[in-house]
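In what follows, a structure is listed as structure tokens, so that the remarks can point back to it.
Coordinate-derived values only; no laboratory data. Since this is a predicted model, take the numbers as computed values, not measurements. Reconstructed Cβ throughout: ideal geometry from the backbone, glycine too, with neighbour counts over all protein chains shown.
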Amino acid sequence: MKNLEELLKQETFSDEEIAYLLGLTGTDECNQLRTAAYDLTTELLGTEVYYRGIVEFSNLCELDCHYCGIRNGNDEVERYSLTQEQVVDAALWCGEVGYGSTVLQSGERHSPEYIDFVENSIREIKTKSISETLPEGLGITLSVGEQTLETYKRFHEAGAHRYLLRIETTNPELYAKIHPADQKLEERKKCLDYLREAGFQVGTGVMIGIPGQTIDMLVQDIRFFQSMDIDMIGMGPYISHHQSCMYDKSMMDVEPLLQLAFNMIAVVRLVLRDVNIAATTALQALLKNGREVGISYGANITMPNLTPREVRPSYQLYEGKPCIDEGRADCHGCLQKRVESVGRTVGWNKWGDSKHYMKKSL
Ligand code: SF4
């Protein structure tokens, strides 16, 4: 193996090299990795971090992912669904304050009424958000799980153009351990293909630190991102939830878990180069400035929460989610300072699409 300095100058990496980088723990070495990823982000994507104001519009879900706090089998969570008016209001607010893009996220459902609701919400947001600063309206990312190709096409036609569907892990045995038997890894992969076919910029990602997950599995996850030509990545540490089926399984200690999550961001940046990578809220659940550190390791997207304050506590996929007592205006004031604290600027009023995707569509 070359020395670290030489290794970090490469543009391609072997599996062994990726595993070595993911496993770094020493402060100096991790800082070298962080600097290389941060500098590459600046070189390829510039200094701007883009906001996607996220509206968690319903915690109703038909599925039962073992790790999730709002899974269908959890009877203790209070269920809610925002009205279309509330969803549109939250998204339009984000346009008014300059965020440029919104994410609509909910638990996974398939009823015709639900699909109509999502489609109509997208259409209304798109039409009403057109302004001088946003001549094409808000950028809309969807994250509503596995759907049919026809449904994906309807959502895309209505005006959403990015979609996040996390694979969580690409290892078949581990996937089977953390999902009920009727939720299949192959189905999820097929949906990622459908999303591409429907015309979306395609995002996926994994949980980092799942009990039983190895560094080699994470290497294969990164290879999967490459083989699927993924445009956007959203990854976060596995944090257990006391109402999930995996609560008795051990979670990694916070310090090594965070380091592994930061290393994963940096290595994905070095390997995939020009994709968008989100500094997810789960990082902040473990470390107050976790999102900023994520940005310093090569992330270029962050997702301020626009979910109305009164229902925020009911949308906890994992324990300790930050900012659940704050309103959207509180997040707005706080986040810019956080982004600037790591030498980045906010890409106000821009969609901030994946350069990786844009290059392909030229
Ligand atoms: S992770 Fe998503 S699809 Fe799975 S149970 Fe939770 S909300 Fe539902």
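Would you please give the FRET efficiency between Asp75 and Asp39, computed as 1/(1 + (r/R0)^6) with r the Cβ-Cβ distance and R0 = 51 Å, to the nearest 0.05?
It comes out at approximately 0.55.
Based only on other Cβ atoms within 10 Å, what is the fewest-to-most ordering of Met264, Met251?
By the 10 Å Cβ count, ascending, the order reads Met251, Met264.
Dipole of the chain, Cα-centred, from +1 at each Lys and Arg C-beta and -1 at each Asp and Glu C-beta, to the nearest 20 debye?
560 debye
Which far-off residues, 5 or more places away or on another chain, put their amide H under 5 Å from the one on Asp64, with H placed in the peptide plane?
Asn72
Cα centroid distance between the stretch 207-233 and the stretch 245-290, in Å?
About 12 Å separates the Cα centre of the stretch 207-233 from the one of the stretch 245-290.
Any idea which of Tyr238, Ser227, Leu63 is furthest toward the positive side of the dipole for the stretch 14-360, if Lys and Arg beta-carbons carry +1 and Asp and Glu beta-carbons -1?
Result: Ser227, furthest along the dipole toward the positive end.
What is the magnitude of the charge dipole of the stretch 189-318 about its Cα centre, with +1 placed on the Cβ of each Lys and Arg, -1 on the Cβ of each Asp and Glu, and no other charges, expressed in debye to the nearest 20?
So the dipole magnitude of the stretch 189-318 works out to roughly 180 debye.
Which of these, Ser111, Ser143, Ser250, has the largest mean-square fluctuation under a Gaussian network model of the chain (Cα springs below 10 Å)?
Ser111
Using the Kirkwood radius built from alpha carbon pairs, what does the Stokes-Einstein equation give as D for the stretch 229-361 at 20 °C and 1.002 mPa s, in µm² per second?
Result for D is 134 µm²/s.
Work out the length of the dipole vector of the stretch 34-168 about its Cα centre, built from +1 on the beta-carbon of each Lys and Arg and -1 on the beta-carbon of each Asp and Glu, and round it to the nearest 20 debye.
Value, rounded to 20: 260 debye.
Quick check: convex hull over the Cα atoms of the stretch 92-176, volume per residue in Å³, rounded to an integer?
So the per-residue hull volume is 105 Å³.
Between Ile167, Gln201, Leu45, whose Cα lies farthest towards the positive end of the dipole of the chain when Lys and Arg beta carbons carry +1 and Asp and Glu beta carbons carry -1, centred on the Cα centre?
Result: Leu45.
Of all DSSP beta bridges located in the stretch 14-360, what percent are antiparallel, nearest 5?
5 percent
Can you list the lysines whose alpha carbon is less than 28 Å from that of Lys177, not counting same-chain residues fewer than 8 positions off?
Lys189, Lys190, Lys249, Lys321
Starting at 0 and stepping by 20 Å, how many percent of the alpha carbon pairs of the chain end up in each bin?
31, 62, 7
Quick one: Trp93, Trp351, fewest Cβ neighbours within 10 Å first, how do they rank?
Ascending number of Cβ neighbours within 10 Å: Trp93, Trp351.
Enter the mean projected area of the convex hull around the alpha-carbon atoms of the stretch 202-261, in nm², rounded to one decimal.
Approximately 4.6 nm², given one-decimal rounding.
If I build a Gaussian network model for the chain, linking alpha-carbon pairs within less than 10 angstrom, which residue out of Val97, Val87, Val49 has the largest mean-square fluctuation?
Greatest mean-square fluctuation among the candidates belongs to Val97.
Quick one: check the C-alpha center-to-center distance for the stretch 143-166 versus the stretch 40-86, whole angstrom.
Between the Cα centres of the stretch 143-166 and the stretch 40-86 lies a distance of 15 Å.
Over the stretch 78-201, what is the percentage of antiparallel beta bridges among all DSSP beta bridges, to the nearest 5?
Counting DSSP beta bridges with both partners in the stretch 78-201, the antiparallel share is about 0 percent.
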